[in-house]
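The values are calculated or read from the model by the stated rules, or taken from the named source; none is laboratory data. Please read these numbers as outputs of a predicted model, since none were measured by experiment. All Cβ positions, glycine included, derive from the backbone under ideal geometry; neighbour counts span all protein chains shown.
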Amino acid sequence: MSAAPAVGVPAAAETTPERTEIWRRIDRGDLARTLFVAACAVLVGFGLTGPWPAVPVIALVGLVVGCWPIVAEAWEDVRHRRMSMELSMLIAIAAAAAIGEWVTSLVITAFVLAAEILEDLSMARGRDALTDLMAFLPSAVQVRDGDELRTVPLDEVRAGQTVVVSPGERVPVDGTVTAGTSSVDQSRITGESMPVELGPGGLAYAGAVNHLGALEIHAERVGATSSYGQIVDAVRAAQSSEAPVQRLADRFAGYLVYLALGGAVITYVVTRDVTATISVVVVAGACGIAAGTPLAVLAAIGRAARTGAFIKDGAHLESLSAVDTVIFDKTGTLTEGTPEVTGARPAGDASEDQLMTWAATAELYSEHPLGQAIVRAARERSLPLGTPETFEYEPGRGLSAHVDGRLVQVGNAALVPGPDAGAPGPDGEPGRPGTTDVYVAVDGAFVGTVRLSDTVRDSARQCVADLHAMGLRVVMLTGDGRPTADAVAADLGIDEVRAELLPEQKLAAIDAERAAGRKVAMVGDGVNDAPALARADAGIAMGSGTHVARESADIVLISSDLADLTRTLLIARRARRIVLTNFVGTVAVDVVGIVLAAFGLLGPVLAALVHVGSETAFILNSARLVPGRSGGRRG
């Protein structure tokens with residue numbers, strides 16, 4: 001929704017820039033052609049009331065000038081053996097001219113040209129909702145090289161470099177702030193409308209605008225791998241792809257044209273009224289479907305990108321709009337995914353430090369949140385970590401590594417021999433809900449337990465509640481133990497829980513849901529979620545998740561805020577409703593219009609007005625999805 005005009009500023013003044021922008025976008029040649037044809041219609045209409053022999057000449061000149069682009073498009077359709085509105089309108093224009101209805105043929109031509117201008121403007125707005133994102137990053141970047149600052153082109157910046165962003169400049173990379181504090185506008189990336197305070201340790205996104213102080217950012221993802229780069233790739237894919245509903249719209253538009261031509265033939269056979277026959281052809285309009293559908297898809301993808309998510313293709317938007325079941329992974333998706341070690345209980349002769357050293361050294365190269373937390377805790381204790389000689393990760397079970405010639409296994413009870421899942425943990429009690437116990441074995445002998453705790457995301461409870469309010473079924477799949485999984489599910493109000501699953505079991509669960517006729521969206525963040533994300537009808541990855549998960553997913557929640565999931569679902573559903581409204585409305589208008597025209601109740605000029613009016617209404621209906629220029633979460 002656009003902001004209200006400022007106090008004391010006339011509304012007309014507020015809309016002047018937008019009107020100027022619209023005027024600039026209109027093709028001058030198309031506008032001149034339309035006005036020329038309209039002028040010819042006026043002159044011919046005036047000439048018919050008096051002795052003016054030049055009427056046919058003026059009419060023919062107007063038709064030749066006006067019909068040239070229509071003939072070109074109709075010829076392309078004939079060459080490709082497809083029926084289109086241009087071809088049907090050309091038939092109607094020629095028929096009206098053949099019986100001497102010059103004013104009718106010129107008015108129809110002017111209406112068709114005006115409708116083309118409107119269609120071009122609407123589609124341009126839909127494309128701009130995406131493409132104005134693509135020109136937002138700076139072309140040159142300041143990079144710190146020791147004590148010196150040098151300016152380099154953006155495409156020469158590499159991960160690992162330190163980028164300096166001055167006040168008022170745009171952040172060129174994804175990375176961690178290493179120095180400075182500032183207020184940053186991240187609305188184009190995360191959709192967050194309010195500025196975010198960033199300081200050392202904070203995560204900055206490419207495309208954000210630095211408001212106040214200077215920031216030094218350690219570049220982690222640059223170019224196409226940054227959040228902004230992924231949005232740009234999604235933009236390009238969206239503009240070049242064609243969603244299934246769009247292909248259906250094109251076929252359906254052809255069927256409507258055949259319906260109109262069939263109705264015209266029947267009308268002529270029954271009534272022998274050429275004027276009524278022409279009216280039947282003219283009144284049927286399918287452009288509201290043919291043009292409104294791709295506009296709705298482009299606009300919805302643009303709006304989703306402005307609210308914190310990017311959808312990689314129009315087909316994925318369509319799939320998302322139809323889901324009835326949302327399946328979540330737990331760790332890193334419903335929870336923060338940054339667990340902390342809360343205790344370590346050695347077994348046998350091992351000490352607590354030895355236990356942590358073995359576990360952390362084995363996990364040194366792990367990307368799993370639990371492994372990274374163990375390494376973090378060991379370093380905080382200043383323990384001497386070695387380097388694993390071998391490293392083998394078993395999804396859903398844990399990992400095995402050789403450390404100083406000894407086999408160290410770190411994982412759950414399915415991998416580590418010896419521990420009892422219900423045995424006392426580091427605090428002498430069985431595992432409590434909300435905690436995860438990681439077992440450690442050395443050379444096949446159980447040596448202890450490391451306990452970790454994770455916290456539920458702030459947005460998770462509201463997200464689950466919103467999904468339920470939308471009539472969706474919510475399921476959680478996790479490799480964690482049953483007590484932890486049940487506790488998180490109860491806290492969030494999740495319908496169904498399946499715990500202690502391996503990645504292949506998650507995949508089987510997705511397959512079972514789909515085999516039962518469910519339309520499934522899978523939300524995850526880890527390497528072990530990637531197969532399920534790829535298999536679901538709509539795979540949704542957290543922006544903070546692994547590269548593999550983001551690549552496997554159809555949709556990425558850039559800021560990992562689950563509120564963006566519900567907003568994106570609402571956008572997809574709204575786009576679907578708009579497209580459906582356009583389909584039903586077009587059919588209703590065409591059928592009623594054909595019947596009225598066949599009975600002589602709708603003349604050719606009025607039929608053309610109905611045609612263009614309905615087309616305009618349905619295209620503008622789709623254009624309601626186009627986000628405002630300011631971006632923002634609810635723009």
Report, by residue number, each residue of segment 552-576 that is assigned to a helix (DSSP H, G or I), surrounded by 23 or more Cβ atoms within 10 Å (Cβ to Cβ) and either over 11 Å from the mean Cα position of the chain (by Cα) or among the acidic types (D, E) (or both). D564, A575
Could you list all residues from segment 520-568 that are of a type in the set (D, E, K, R) and in contact with a strand residue (DSSP E or B) (Cβ under 7 Å, 6 or more places away or on another chain)? D525, D537, R550, D554, D564
If W358 passes every condition in (1) modelled with pLDDT of 90 or more; (2) under 39 Å from the mean Cα position of the chain (by Cα) but one, which one does it miss? (2)
Tell me, which helices (runs of 4 or more DSSP H) wholly within segment 255-364 include 3 or more residues that are over 23 Å from K519 (Cα atoms) and not hydroxyl-bearing (S, T, Y)? 274-283, 287-290, 292-306, 352-362
Within segment 395-420, track down each residue that is touching a residue at least 12 places away in the same chain (Cβ under 8 Å) and out of contact with any Ser or Thr (no Cβ under 9 Å at 6 or more places or on another chain). P395, G396, R397, G398, G405, R406, A413, A414, V416, P417, G418
Which one of the conditions (1) surrounded by 10 or more Cβ atoms within 10 Å (Cβ to Cβ); (2) small (G, A, S); (3) modelled with pLDDT of 50 or more does G50 fail to meet, given that it meets all the rest? (1)
In segment 373-417, which strands (runs of 3 or more DSSP E) lie fully inside it and hold 1 or more residues that are of a type in the set (A, V, I, L, M, F, W, C) and more than 43 Å from the chain's Cα centre (by Cα)? 398-403, 406-411
Condition (residue is modelled with pLDDT of 85 or more, over 25 Å from A38 (Cα atoms) and either of a type in the set (D, E, K, R) or surrounded by fewer than 18 Cβ atoms within 10 Å (Cβ to Cβ) (or both)) applied to segment 119-141: is it met by at least one residue? no
Over segment 361-387, the set of residues surrounded by 24 or more Cβ atoms within 10 Å (Cβ to Cβ) and among the acidic types (D, E) is E363
Does at least one position in segment 33-41 carry a residue that is basic (K, R) and either under 25 Å from A249 (Cβ atoms) or at pLDDT below 80 (or both)? no
Just to be sure before I move on: is V474 in contact with a His (Cβ under 8 Å, 6 or more places away or on another chain), closer than 22 Å to D454 by Cβ and modelled with pLDDT of 90 or more in the structure I sent? yes
Extreme residue, modelled with the highest pLDDT, among residues of segment 291-322 that are surrounded by fewer than 24 Cβ atoms within 10 Å (Cβ to Cβ) and in contact with a strand residue (DSSP E or B) (Cβ under 8 Å, 6 or more places away or on another chain): S319
Scanning segment 607-630 residue by residue, the ones that are surrounded by fewer than 17 Cβ atoms within 10 Å (Cβ to Cβ) and either without any contact (Cβ under 8 Å) to a residue 12 or more places away in the chain or not small (G, A, S) (or both) total 4
Quick one: in segment 428-457, of everything that is over 20 Å from H368 (Cα atoms) and modelled with pLDDT under 85, which residue is nearest to the chain's Cα centre (by Cα)? P433
Of the listed residues (Q462, Q505), the one being in contact with a helix residue (DSSP H, G or I) (Cβ under 8 Å, 6 or more places away or on another chain), in the same structural domain as S321 (by TED's automatic domain parsing), polar (S, T, N, Q) and surrounded by fewer than 20 Cβ atoms within 10 Å (Cβ to Cβ) is Q462
